[in-house]
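Undergrad: Take a look at the following structure, please.
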Amino acid sequence: MRLKLIGTLAVAALLAGCANDHANTGAATGTGAAVQPSGPVPGSEADLVANVGDRVFFDLNQSGLTSDAKATLDKQADWLAKYPQVAVQIAGNCDDRGTEEYNLALGQRRANAAHDYLVAKGAAGSRMTTISYGKDRPTATGDGEDVWSQNRNAITSVQ
Amino acid sequence: MTMSSTHDSFISDRQAEALADTFGPQGLGRRSVLGGGVLLGAGLAGGLTATPWGALAADAPAAEITVDQARTAPIPIVIPSFGPGIGEQITGVLTDDLTNTGLFKVIPASSNSGTPDFAPYKAMGAHAAVSGAASGSGTVRVEFRLWDVLTSQQIQGTAYTTSAANWRRIAHIIGDVIYQRMLGEKGYFDTRVGFISRSGSIHSPRMRLAVMDQDGANYRVLSSSQTKLPSFNPVRDQIAFLSYGTAVPRIYIFDLASGRQHILGDFNGVPLGPHYSPDGNTIIVPVARGSGSELYAVNIATGAKRQLTSSGGAINVSPSFSPDGSQIVFNSDRGGSPALYIMSASGGGVRRLSYGQGNYGDSVWSPRGDLIGFTRISGGQFSLGVMNPDGTGERIMTQGYTVESPTFCPNGRVLAFCRRTGGENGSARIHTIDITGFHERAVPTPEGASSPTWSPLNV
């Protein structure tokens, strides 16, 4: 659990860093007329990644939403309500410890679980598509639980 | 397992069967073709003609050796050079084919197209000897004879005439004739493997449909779009696969002769991998919807769909027919964790097959009918195994970070599978292995390779 959290934060930090070269100056937005507001464009992919969380994680062979996952999806639902013009895709992913075809089905199950939760929280199903990549698009490479736990996810991305 | 071999033919059983297919069961009989040429490989440029060759009256029985016996004592066989140029190339491919089975011990020899001098071969302990030569350019004629060293008698004699471009197929066909005459079972050298060629970033690999000969030659990429989970039609020259080229994943059927492809219908949900029936007329597709994926049988000609499983949100994948088409083995988590199950081809009478520790998947029925291949994931490691169709006799052949996607060669004696290594720079390669677990070897490919699907014997 500890490893998983560290891995997640590291990935989020990495993604935020890539998406925004001057993210560190964004903390002081709106405090002075001379300072231009900076940080991710509201409603953008970078905004979703940096301020909401674009992904939820699953236990091995599971598609049940943990309390952490639900908390992230609650924030995603609020974010989607705030930016009604945004369409998203939810991609289900798996770690290496399943066969190709089983993982394709499992990834779809995870994507659908996230999708259905967001619908239940008020997001219109017409704004969201789902896809499964099975184990073909790992976030982290290598082996071991700290890697695998990052790759068992459902990632929401702006289309 | 022993099968009796026929001893009275100058063309192989396979060639005779190819003729029966061409002319129908009531058409041209085996005897009536012995005097004439046999046209093989109709799909090849220039075609391929096989005619009887050598001392016809002396045709003699092959040695009575079974595959099981040859595994413990490989058959010593003399393979001479077929001459310079294409002849030497044919000798190389033939030698590799026979050696890679682990069932033959090839003894090289200098050129010899006539009757061998048997005394030195006997002294070496050779059981069989080949004589032959390749001649011509553009159109080549390859003469081949197989001899029983112990009796000094000819077992087989055939001359092949074809375009020089087909020299590899000649070598494989000769290898298959030797395999069959020596072991009493059809060979599998003149076959291909469909697979997914992988390149680019490990985080988002390019995955394209590809095909190659079973030994890795004639590698060819067939699609530019993202593809997964190919399945070779067991009777026609076609490969079905899952495409991510469009927003909605779709099943396509790719025709290897024409290079054309077409979509296999629409599904109420997301289709996963296609899986052919033994007669090539039906494709089973798992369709994901909600939390599960149910198996549907699709009639290719009519497009009619029939739902085979109804498991209330469980995953059902990797269906594979028994060779007689009466039963289907598949992979499901309906019991809590992924395991293997068997049901009738119409979807009834489901019963669990695997009870071992860990998760099972990748169920595939041998074309011989005697074994079911599978992947087992336990203790952070993958194992590739086989079991009897009643679930007994489970046997692990090889293990690794991942070893998966097993597919049987047409005679059921060898499996191809994907072996991936873990770590930062993990690779994916197709390997082959004898069903006893011996003779694992990598098939060379220019890029990463996964999801092999073995073709039937080429026609």
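Undergrad: Can you find a residue in the range B:296-304 that is of a type in the set (G, A, S), in contact with a strand residue (DSSP E or B) (Cβ under 8 Å, 6 or more places away or on another chain) and surrounded by 19 or more Cβ atoms within 10 Å (Cβ to Cβ)?
TA: yes
Undergrad: Is there any pair with a first residue in the range B:125-150 that is without any contact (Cβ under 8 Å) to a residue 24 or more places away in the chain and a second that is in a strand (DSSP E or B) whose Cβ atoms are under 9 Å apart and which are 6 or more apart or on different chains, and what are they?
TA: Correct list of pairs: B:R141/B:A133; B:R141/B:A134; B:R141/B:S135; B:R141/B:A159; B:R141/B:Y160; B:R141/B:T161; B:R141/B:T162.
Undergrad: Specify the residue that is nearest to the other protein chains (Cβ to nearest Cβ); the eligible residues are those in the range B:432-453 that are buried (at least 16 other Cβ atoms within 10 Å of the Cβ) and over 18 Å from the mean Cα position of the chain (by Cα).
TA: Checked the range B:432-453; the qualifying residue nearest to the other protein chains (Cβ to nearest Cβ) is B:G448.
Undergrad: Restricting to the range B:265-280, give me the number of residues that are under 24 Å from the mean Cα position of the chain (by Cα), part of a loop (DSSP other than H, G, I, E, B) and not aliphatic (A, V, I, L, M).
TA: Number satisfying all stated conditions: 6.
Undergrad: Got at least one residue in the range B:176-195 being of a type outside the set (D, E), within 13 Å of chain A (Cβ to nearest Cβ) and free of Cβ contacts under 8 Å to residues at least 40 places away in the same chain?
TA: Among the residues of the range B:176-195, not one is of a type outside the set (D, E), within 13 Å of chain A (Cβ to nearest Cβ) and free of Cβ contacts under 8 Å to residues at least 40 places away in the same chain, which makes the answer no.
Undergrad: Look at A:T130 and say whether it is within 22 Å of A:D47 (Cβ to Cβ), modelled with pLDDT of 95 or more, crowded, with 20+ Cβ neighbours inside 10 Å and facing another protein chain (nearest Cβ under 9 Å).
TA: It is true that A:T130 is within 22 Å of A:D47 (Cβ to Cβ), modelled with pLDDT of 95 or more, crowded, with 20+ Cβ neighbours inside 10 Å and facing another protein chain (nearest Cβ under 9 Å).
Undergrad: Tell me the residue from B:S346, B:S354 that is within 14 Å of another protein chain (Cβ to nearest Cβ) and either part of a loop (DSSP other than H, G, I, E, B) or of a type in the set (S, T, N, Q) (or both), please.
TA: One residue alone meets the criteria, B:S354.
Undergrad: Could you list, in sequence order, the residues of the range B:414-431 that are charged (D, E, K, R) and surrounded by fewer than 24 Cβ atoms within 10 Å (Cβ to Cβ)? Even if it seems obvious, please write down each step before you answer.
TA: Start the filter on the range B:414-431 by keeping residues that are charged (D, E, K, R), which leaves B:419-420, B:424, B:429.
Hits for the range B:414-431 are B:R420, B:E424, B:R429.
Undergrad: Here is a check on your reading of the model: is B:F330 crowded, with 18+ Cβ neighbours inside 10 Å and part of a loop (DSSP other than H, G, I, E, B)?
TA: No: the conditions fail for B:F330.
Undergrad: Does the range A:66-83 include one or more residues that are surrounded by fewer than 20 Cβ atoms within 10 Å (Cβ to Cβ), of a type outside the set (A, V, I, L, M) and within 13 Å of chain B (Cβ to nearest Cβ)?
TA: No - not one qualifying residue is present in the range A:66-83.
Undergrad: Of the numbered conditions (1) touching a residue at least 60 places away in the same chain (Cβ under 8 Å); (2) buried (at least 23 other Cβ atoms within 10 Å of the Cβ), B:L209 fails exactly one; give the number of that condition.
TA: Result: B:L209 passes all but (1).
Undergrad: I would also like to ask the following. I'd like the residue in the range B:265-281 that is buried (at least 20 other Cβ atoms within 10 Å of the Cβ) and away from chain A (no Cβ under 13 Å) and, out of all such residues, is nearest to A:A111 (Cα to Cα).
TA: Looking only at the range B:265-281, we keep the residues that are buried (at least 20 other Cβ atoms within 10 Å of the Cβ), and these are B:267, B:270-277.
Okay, now just the ones that are also away from chain A (no Cβ under 13 Å), so B:276-277.
Details: B:Y276: 28, B:S277: 30 Å.
Top of the filtered list is B:Y276.
Undergrad: Can A:T139 be described as out of contact with any Cys (no Cβ under 7 Å at 6 or more places or on another chain), surrounded by fewer than 21 Cβ atoms within 10 Å (Cβ to Cβ) and at the interface with chain B (Cβ under 9 Å from one of its Cβ atoms)?
TA: So A:T139 passes the test.
Undergrad: Could you go through the range B:387-399 and let me know if any residue there is at pLDDT below 95, within 22 Å of B:G336 (Cα to Cα) and not in a strand (DSSP E or B).
TA: no
Undergrad: Output the number of residues of the range B:127-166 satisfying the condition of being more than 14 Å from B:I90 (Cα to Cα), β-branched (V, I, T) and buried (at least 18 other Cβ atoms within 10 Å of the Cβ).
TA: Of the residues in that region, 3 qualify.
Undergrad: Still on this model: Tell me which residues, restricted to the range A:90-125, are at pLDDT 95 or above, assigned to a helix (DSSP H, G or I) and either under 19 Å from B:G422 (Cβ atoms) or away from chain B (no Cβ under 11 Å) (or both).
TA: Selection gives A:E100, A:Y102, A:N103, A:A114, A:Y117, A:L118, A:V119, A:A120.
Undergrad: Of all strands (runs of 3 or more DSSP E) completely enclosed by the range B:79-181, which ones contain at least 3 residues that are within 27 Å of B:R441 (Cβ to Cβ) and not assigned by TED's automatic domain parsing to the domain that holds B:I435?
TA: In the range B:79-181, the matching strands (runs of 3 or more DSSP E) lie at B:104-109, B:128-135, B:139-148.
Undergrad: Here is a follow-up. Quick one: which strands (runs of 3 or more DSSP E) lie wholly within the range B:197-264 and hold at least 2 residues that are within 14 Å of chain A (Cβ to nearest Cβ) and more than 30 Å from B:T101 (Cβ to Cβ)?
TA: B:206-213, B:227-232, B:238-243, B:250-255
Undergrad: For the range B:281-302, state whether one or more residues are under 24 Å from A:G64 (Cα atoms), in a loop (DSSP other than H, G, I, E, B) and not β-branched (V, I, T).
TA: Yes, the conditions are met somewhere in the range B:281-302.
Undergrad: Something else: If I filter the range B:325-341 for residues that are in contact (Cβ under 8 Å) with a residue 12 or more places away in the chain, under 22 Å from A:G98 (Cβ atoms) and away from chain A (no Cβ under 14 Å), do I get at least one hit?
TA: In the first step, residues of the range B:325-341 are kept if they are in contact (Cβ under 8 Å) with a residue 12 or more places away in the chain; the result is B:325-335, B:337-341.
Remaining after also requiring under 22 Å from A:G98 (Cβ atoms): B:328-335, B:337-341.
If we keep only those that are away from chain A (no Cβ under 14 Å) as well, we get B:328.
Among the residues of the range B:325-341, at least one is in contact (Cβ under 8 Å) with a residue 12 or more places away in the chain, under 22 Å from A:G98 (Cβ atoms) and away from chain A (no Cβ under 14 Å), which makes the answer yes.
Undergrad: Then there's this: Out of everything in the range B:294-316 that is within 14 Å of chain A (Cβ to nearest Cβ) and touching a Leu at 6+ places or on another chain (Cβ under 6 Å), what residue ends up being nearest to B:F330 (Cα to Cα)? Steps first, answer last, please.
TA: Filtering the range B:294-316 down to residues within 14 Å of chain A (Cβ to nearest Cβ) leaves B:294-296, B:309, B:311-316.
Restricting the remaining residues to those that are touching a Leu at 6+ places or on another chain (Cβ under 6 Å) gives B:295, B:309, B:316.
Numbers: B:L295: 9, B:T309: 10, B:N316: 7 Å.
The residue in question is B:N316.
The values are calculated or read from the model by the stated rules, or taken from the named source; none is laboratory data. Note that the structure is predicted; figures quoted are calculated from it, not measured. Here Cβ is always computed from backbone atoms with ideal geometry, including for glycine, and neighbour counts include all displayed protein chains.
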